[in-house]
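Note sheet for the following structure.
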Amino acid sequence: MVVEVVGVGADGWDGLSTAAQEVIAKAEVLMGSARQLGLVPEGTAERRVWPSPLSEALPGLLAEYRGRRVCVLASGDPTFHGIGTTLVRLLGASAVRVIPHPSSVSLACARLGWAQEQVQVVSLVGHPTERVHPQVQPGRRLVVLSWGSQTPGEVAALLVARGYGASEFTVLEQLGGPGERVTSTTAAAWTGEVDPLNVVAVHCADGPVLSTAPGLPDAAYESDGQLTKREVRAVTLSRLEPVPGQLLWDVGGGAGSIAIEWARHHPTCRAIAFERDEERVRRIERNVAALGANVTVVHGAAPGVLSEAGGLGGGGAAGGADGPDAVFVGGGATAPGMIEACWAALRPGGRLVVNGVTLETEVLIAQWYKELGGDLVRLEVQRASKVGGMTGWRPAMPVTIWNVVK
């Protein structure tokens, strides 16, 4: 069975190519949202409106119509944040034929005269508005895929709170259709009701910088003192080596800074932070929201709680169930079985990094370094501080960092 997927714009049937119209006309079963199905003329095909939640129901729905000519209707380009990618993942590329329509991003850039390759796309479909945070940087151009009529107001409020209220702010509704409307203002001045089918374009003004490079200021985090400090954090992440699409386990999350900065490296980076203290779990969640990172927080004591990661999308770079691509142990390394469990979970080629500040942890690290090799360094940081009427150096506690590749 080959499932045919047709991208449909807001202009509906009249905007489709002849090939796309023929596929729809010949279909025995048409699947899509109620809005998408309403954009094409009635015919002999059976119509199925997507159930909710779609991700759980889709495999059974496809099995129900196996052997029949199935056409799936999608918005715009089905392989750009769309159902086409999901179908390919389920059925394989050879079982899916896609006929794309211009995406909302390409239409928005065409209206604004923006070069698509210089635009950062952020999808808020099924995601919190805070996912925009890492992309808000001076001069950056963003196209935000909305999740309803409330999204523009939420994005505008986020920009104002971040100090980017002067950013150029454009809401584009019903792109390509007869009801198309483009409204431009600033984020601070945005008000109004919009159609649920909209995208938001932002040209960021100058504002405070929160880089996606490792080593955010310590003040960027809410903390009770259990925070990997800025300089140590930057070195630690250089050993963890964030790679787009990969997964990190942050064991003993503290304030969540390592997991957050791993996830901020690239929109496809993911992290799971394990923390046994309930108050710190809530604090990590607040830091995740404030900095817009793709981090899942798990409450429980390691190493026992690590087994729960399997049901949290805990696959490696290929999205499978072969464990994390990197593991950081920032607390509790001396717990019985901790290093063994982390090493066993790590996928081949993955990186393990363990930080220690106590003699007991240093002894443990030295033993594992002798057995597995890797790299062992001690990092000492001194900060300028007032000494009477002058300035002197105050040393922080030295940190031992061990990293090894499996």
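The values are calculated or read from the model by the stated rules, or taken from the named source; none is laboratory data. Only a predicted model underlies this, so the values are computations on that prediction, with no experimental measurement involved. Heads up, the Cβs are rebuilt from the backbone with ideal geometry, glycines too, and the neighbour counts pull from every protein chain shown. Accessible surface areas use protein heavy atoms only, side chains included; no ligands, DNA or RNA. Shrake-Rupley method; radii C 1.70, N 1.55, O 1.52, S 1.80 Å.
So here's what we get for this one:
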| quantity | calculated |
| --- | --- |
| Matching residues, region 213-223, being open to solvent by 60 Å² or more (accessible area, probe 1.4 Å) and in a helix (DSSP H, G or I) | ALA219 |
| Pairs with Cβ under 8 Å, 6+ apart, first in region 207-227 and closer than 14 Å to GLY292 by Cα, second of a type in the set (Ser, Thr, Tyr) and open to solvent by less than 50 Å² (accessible area, probe 1.4 Å) | LEU216/SER257; TYR221/SER257 |
| Wholly within region 318-406, strands (runs of 3 or more DSSP E) carrying at least 1 residues that are more than 22 Å from ALA259 (Cβ to Cβ) | 375-379, 382-387, 390-395 |
| Search result, residues across region 273-289 that are among the aliphatic types (A, V, I, L, M), closer than 20 Å to ALA333 by Cβ and either buried (at least 24 other Cβ atoms within 10 Å of the Cβ) or out of contact with any Gly (no Cβ under 9 Å at 6 or more places or on another chain) (or both) | ALA273, ILE284 |
| Restricting region 171-212 to residues that are aliphatic (A, V, I, L, M) and open to solvent by 50 Å² or more (accessible area, probe 1.4 Å), the residue that is farthest from ARG283 (Cα to Cα) | VAL182 |
| Candidate set from region 87-133 (those that are touching an Asp or Glu at 6+ places or on another chain (Cβ under 6 Å) and of a type in the set (S, T, N, Q)); member that is surrounded by the most Cβ atoms within 10 Å (Cβ to Cβ) | SER103 |
| Within region 353-372, tally of residues that are of a type outside the set (Val, Ile, Thr), touching a Leu at 6+ places or on another chain (Cβ under 8 Å) and either touching a residue at least 12 places away in the same chain (Cβ under 8 Å) or under 13 Å from TRP343 (Cβ atoms) (or both) | 2 |
| Test for GLY253: is it farther than 30 Å from SER33 by Cβ and in a loop (DSSP other than H, G, I, E, B) | yes |
| Qualifying residue in region 135-145 (condition: open to solvent by 50 Å² or more (accessible area, probe 1.4 Å), modelled with pLDDT under 95 and touching a Leu at 6+ places or on another chain (Cβ under 9 Å)) | no |
| Scan of region 158-170 for residues that are open to solvent by 10 Å² or more (accessible area, probe 1.4 Å) and in contact with a helix residue (DSSP H, G or I) (Cβ under 8 Å, 6 or more places away or on another chain), ordered by number | LEU158, ARG162, GLY165, THR170 |
| Subset of region 351-363 [open to solvent by less than 40 Å² (accessible area, probe 1.4 Å) and hydrophobic (A, V, I, L, M, F, W, C)] | LEU352, VAL353, VAL354 |
| Of all residues in region 224-249 being in contact with a Ser or Thr (Cβ under 9 Å, 6 or more places away or on another chain) and under 14 Å from ALA271 (Cα atoms), the one that is surrounded by the fewest Cβ atoms within 10 Å (Cβ to Cβ) | PRO244 |
| Yes/no for GLY7 being of a type in the set (Gly, Ala, Ser) and under 28 Å from PRO196 (Cα atoms) | yes |
| Conditions (1) open to solvent by less than 50 Å² (accessible area, probe 1.4 Å); (2) more than 21 Å from ASN198 (Cα to Cα); (3) of a type outside the set (A, V, I, L, M, F, W, C): number failed by GLY84 | (2) |
| Unique match (being of a type outside the set (Ser, Thr, Tyr) and on the phi > 0 side of the Ramachandran plot) among GLY67, GLY38 | GLY67 |
| Subset of region 160-184 [among the polar types (S, T, N, Q) and under 17 Å from TRP114 (Cα atoms)] | SER167, THR170, THR183, SER184 |
| Leading residue by the ranking (modelled with the lowest pLDDT) among those in region 365-395 that are aliphatic (A, V, I, L, M) and open to solvent by 40 Å² or more (accessible area, probe 1.4 Å) | VAL387 |
| Residue count, region 1-54 (criterion: under 35 Å from the mean Cα position of the chain (by Cα), under 20 Å from SER103 (Cβ atoms) and open to solvent by 70 Å² or more (accessible area, probe 1.4 Å)) | 1 |
| Close pairs (7 angstrom Cβ cut-off, 6 or more residues apart or separate chains): more than 17 Å from PRO196 (Cβ to Cβ) in region 132-148, of a type in the set (Ser, Thr, Tyr) anywhere | PRO134/THR212; VAL136/TYR164 |
| Selected residue (only one of VAL200, VAL235 is out of contact with any Lys or Arg (no Cβ under 6 Å at 6 or more places or on another chain) and closer than 19 Å to ALA10 by Cα) | VAL200 |
| The one condition in (1) within 20 Å of PRO100 (Cα to Cα); (2) surrounded by 13 or more Cβ atoms within 10 Å (Cβ to Cβ) that LEU58 fails to fulfil | (1) |
